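Since the structure comes first, as structure tokens, the remarks are kept for the end.
Each reported figure results from applying straightforward, stated rules to the coordinates on display, with no laboratory input. Keep in mind that what you see is a predicted model, and the values were worked out from it rather than measured. No Cβ is skipped: glycine too gets one built from the backbone with ideal geometry, and neighbour counts run over all protein chains shown.
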Amino acid sequence: MEKYLEIGQIVNTFGIKGMVKVKPFTENTKKRYDNLKKVYIKSKNERKEYEVEEVKYHKEMVLIKFKGIETIEEAEKFRNSYLLINREDEEPLEEGTYYIVDMLGLEVYTDENEKLGVLDDIFNSGSSDIYVVKNELGKQILLPAIKDVIKNIDMENRKITVHLIKGLM
């Protein structure tokens with residue numbers, strides 16, 4: 001398991017006093033960012049800890065001011081960097097809920113034990129998450145993350161069991 005979890009990407013600066021604009025990678029944005037005290041900023045091969053001074057919200061974005069970053073020029077160097085938190089600082093997830101980073105690479109089988117491939121990506125389509133399954137040939141299968149399709153996620157055995165409803169493939 002990854003030690004650090006990505007919670008967002010710095011996409012731009014905001015204002016002239018060192019604030020950055022963050023695209024959040026989390027469902028409950030306000031809950032995630034309101035209690036944020038420190039983050040790690042990862043750019044290229046470097047990861048450095050920063051203390052969060054202020055958090056605001058603007059449209060779909062989170063605006064963050066870091067202690068010690070006082071100008072737009074200082075904030076500019078963080079553009080396209082990622083915000084990370086230490087997994088150990090996180091509250092436990094509800095049962096049946098998993099971090100995407102932990103699910104990637106799980107083998108995906110039908111309920112008839114036919115291997116479809118491995119979970120390559122997960123994205124949100126608005127109404128539900130979409131699981132992107134890639135087979136050995138690189139072909140992608142898109143599966144909606146709904147109860148009728150996703151029957152079991154077994155993290156211990158790194159396996160997802162799915163039911164292919166009519167029209168999916």
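Give the range of the longest stretch in the chain that excludes all GluC sites (Glu not before Pro) found in loop regions by DSSP and having at most 15 other beta-carbon atoms within 10 Å. Each step should come with its number before you reach the end.
On the way: sites that count: Glu2, Glu27, Glu60, Glu70, Glu90, Glu94, Glu95, Glu112, Glu114, Glu136, Glu156.
In short, 28-59.
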10 Å Cβ shell holding at most 15 others, DSSP loop, trypsin sites (Lys or Arg not before Pro): longest site-free stretch of the chain: 80-138
Whole-angstrom gap from region 68-127 to region 137-153, using each part's C-alpha centre: 17 Å
Calculate one ³J(HN,Hα) per residue across region 69-86 by plugging θ = phi - 60° into the Karplus curve 6.51 cos²θ - 1.76 cosθ + 1.60, and present them in order as whole Hz with x for glycine and proline. 9, 10, 10, 5, 5, 5, 5, 4, 5, 8, 3, 6, 7, 10, 8, 10, 10, 6
So how far apart, in nm, are the two label points at Lys56 and Asp102 if each is 7 Å from Cα heading toward Cβ? 3.5 nm
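On full extension of the chain, what length is gained from His163 through Lys37, given 0.36 nm per residue of separation minus the C-alpha to C-alpha distance? Walk me through the numbers before you get to the answer.
Values: separation 126, 0.36 × 126 = 45.36 nm, distance 4.22 nm.
So the extension gain works out to 41.1 nm.
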With Kirkwood radius over Cα pairs in Å defined as stated, name the option among (i) 19.0; (ii) 19.5; (iii) 17.9 computed from the structure displayed. (iii)
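Please tell me the relative contact order of region 1-67 in percent, rounded to the nearest whole number, where contacts are Cα pairs under 8 Å and at least six residues apart.
On the way: 100 pairs, mean separation 19.0, N = 67.
Normalised by residue count, the contact order of region 1-67 is 28 percent.
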Sort Leu104, Leu143 by Cβ crowding within 10 Å, fewest neighbours at the top. Leu104, Leu143
By the Cα gyration tensor axes a ≥ b ≥ c (a/c under 1.5 gives rounded; else a/b larger than b/c gives prolate, otherwise oblate), the shape of region 50-115 is prolate
